[in-house]
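Undergrad: Just dropping this structure here.
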Amino acid sequence: MIQRSDVEHVAKLARLKLSDDEIETFTQQLGDILDYVHKLEKIDTENVQPTAHVLPLCNVFREDKVKDSLDREIALSNAPEKEGAYFKTPKILESE
C-alpha cells in the first residue's frame, strides 16, 4: 500500500505543491491503482500469445501511387503573398 509520505515525496520531486486534501486523494487513488496491478499480476498468461492490438488488424492505408501534382501556378494563384515560385510567409524565427 502506498503511504502519504510516498505521495509527498513524489510531489516534491515533481515540484508540485499539493494541498492536504489532494495528498489524501492521490494516496487513495494510487493505492487503488497499485491494488489493481497486483490483481493483474495474479492472472495466468502462460499460454497467451503476445499481441500488439486486441483486434486482428491489417494495413488499412491505400497503396502509394505516383501521380501528377497540382500545377505550381494554380497553387500559387490562391496565395495571399508569393515570391517568385514560392509561397511567402511571415518570418517567425529570428536569426542571430
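Undergrad: Of all residues being assigned to a loop (DSSP other than H, G, I, E, B) and among the hydrophobic types (A, V, I, L, M, F, W, C) in region 67-87, which is most open to solvent (accessible area, probe 1.4 Å)? Just the residue, please.
TA: 70
Undergrad: Shifting gears a bit: Check region 54-66 and report whether any residue there is closer than 22 Å to residue 1 by Cα and either open to solvent by 100 Å² or more (accessible area, probe 1.4 Å) or of a type in the set (Phe, Trp, Tyr) (or both).
TA: Scanning region 54-66 turns up no residue that is closer than 22 Å to residue 1 by Cα and either open to solvent by 100 Å² or more (accessible area, probe 1.4 Å) or of a type in the set (Phe, Trp, Tyr) (or both).
Undergrad: Counting only residues that are in a helix (DSSP H, G or I) and acidic (Asp, Glu), which one in region 24-48 is nearest to residue 6 (Cα to Cα)?
TA: 24
Undergrad: Residue 51 is checked against (1) assigned to a helix (DSSP H, G or I); (2) exposed (fewer than 10 other Cβ atoms within 10 Å of the Cβ) and fails just one. What number does that condition carry?
TA: The number of the failed condition is (1).
Undergrad: In this structure, is residue 21 open to solvent by 100 Å² or more (accessible area, probe 1.4 Å) and in a loop (DSSP other than H, G, I, E, B)?
TA: Answer is no for this residue.
The values are calculated or read from the model by the stated rules, or taken from the named source; none is laboratory data. Since the model is a prediction, treat every value here as computed from it, not as a measurement. Glycine gets a Cβ as well: all are built from the backbone with ideal geometry, and neighbour counts include every protein chain shown. For accessibility, only protein heavy atoms count, side chains too; no ligands or nucleic acids. Shrake-Rupley method; radii C 1.70, N 1.55, O 1.52, S 1.80 Å.
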